[in-house]
Amino acid sequence: MQKTMLVDTSKCTACRACQVACKQWNQLPAEQTEFTNSLENPANFSPVTWTKIVFGEEKNDNGRVFWPFSKQGCMHCTDAACIKVCPANAISRTDLGTVYIDESRCIGCNYCAANCTYNVIGFDRVANVARKCTFCYDRITNGEIPACVKTCPTGALQYGDRNEMVALANKSLQQLRAKGNDKANIYGLEELDGLGVLYVLESNPATYGLPENPKIRLSTHIWDIIFKPVRVLVVAAAFFALWMNRGDSKKQDSA
């Protein structure tokens, strides 16, 4: 059964409790940030920042400024570019429908970060591995809910079976439209064949920094079709070259 997270932006207060919970559960260190004329902090995703609150800005029809907030991270796309481009098969879809990076198999090519449709993958140059939100795989496989959902004080984040989350999203959408919000919509139902994170948005996706019609690059599809059959050989050759180089280095050192 595919698991899904629902982000109801109409209930988000930008308290950033989800950011803190993500840091604490995954033991991710803080990082130095700078003021960038935005209330977003940190401004970008990184190897140690997997979850963040995105701040938008929009003027209503009456001229009043509307500040939309949304929790963002890995979308766990069904049609995931990161899975297509990984030459080491280090990225896969789990039995719960989430996208997972096996760091022990990552060779540090950085292709996943470069091709991610939502730019949420960070690359750790010290450890030479790619990192992102795991959907708290260690928690959900043990009957728990993701840490960000657990800590959300307003109920803006929900987690469960996909059909249940879709039903909750439709209910919230109906309530928003009953209040006169014709711009309200659900994001993630069809985008990239369905996202593991659904959104109830009070305005258009672009207001929240989300692409209206996300697509995987043509080059990504070409890579997947042409090079996928030889990925194993490419990776094996790379490791063999490293092994040979290491052996030559040892011989030079002994000499």
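Brief remarks on what is shown
- Residue, nearest to Met1 (Cα to Cα), within the range 137-149, restricted to residues that are within 18 Å of the chain's Cα centre (by Cα) and surrounded by 13 or more Cβ atoms within 10 Å (Cβ to Cβ): Ile140
Okay, residues lined up against (1) over 26 Å from Cys152 (Cβ atoms); (2) among the aliphatic types (A, V, I, L, M); (3) in a loop (DSSP other than H, G, I, E, B); (4) touching a residue at least 12 places away in the same chain (Cβ under 8 Å):
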| site | (1), (2), (3), (4) |
| --- | --- |
| Ile53 | no, yes, no, yes |
| Ile83 | yes, yes, no, yes |
| Ala88 | yes, yes, yes, yes |
| Gly97 | no, no, yes, yes |
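- Residue match in the range 39-50 (condition: touching a Lys or Arg at 6+ places or on another chain (Cβ under 7 Å), farther than 25 Å from Lys3 by Cα and outside any helix (DSSP H, G or I)): yes
- Of the residues making up the range 202-220, just one is more than 19 Å from Gln175 (Cβ to Cβ) and acidic (Asp, Glu), namely Glu212.
- Some residue of the range 60-73 being touching a Ser or Thr at 6+ places or on another chain (Cβ under 8 Å), at pLDDT below 90 and assigned by TED's automatic domain parsing to the domain that holds Ala114: yes
- The listed residues are Asn181, Asn110, and the only one of them that is under 18 Å from Ser10 (Cα atoms) and surrounded by 14 or more Cβ atoms within 10 Å (Cβ to Cβ) turns out to be Asn181.
The values are calculated or read from the model by the stated rules, or taken from the named source; none is laboratory data. All figures in this text were calculated on a predicted structure; none of them were measured in a lab. Cβ sites come from the backbone with ideal geometry, for glycine too, and all protein chains shown count toward neighbours.
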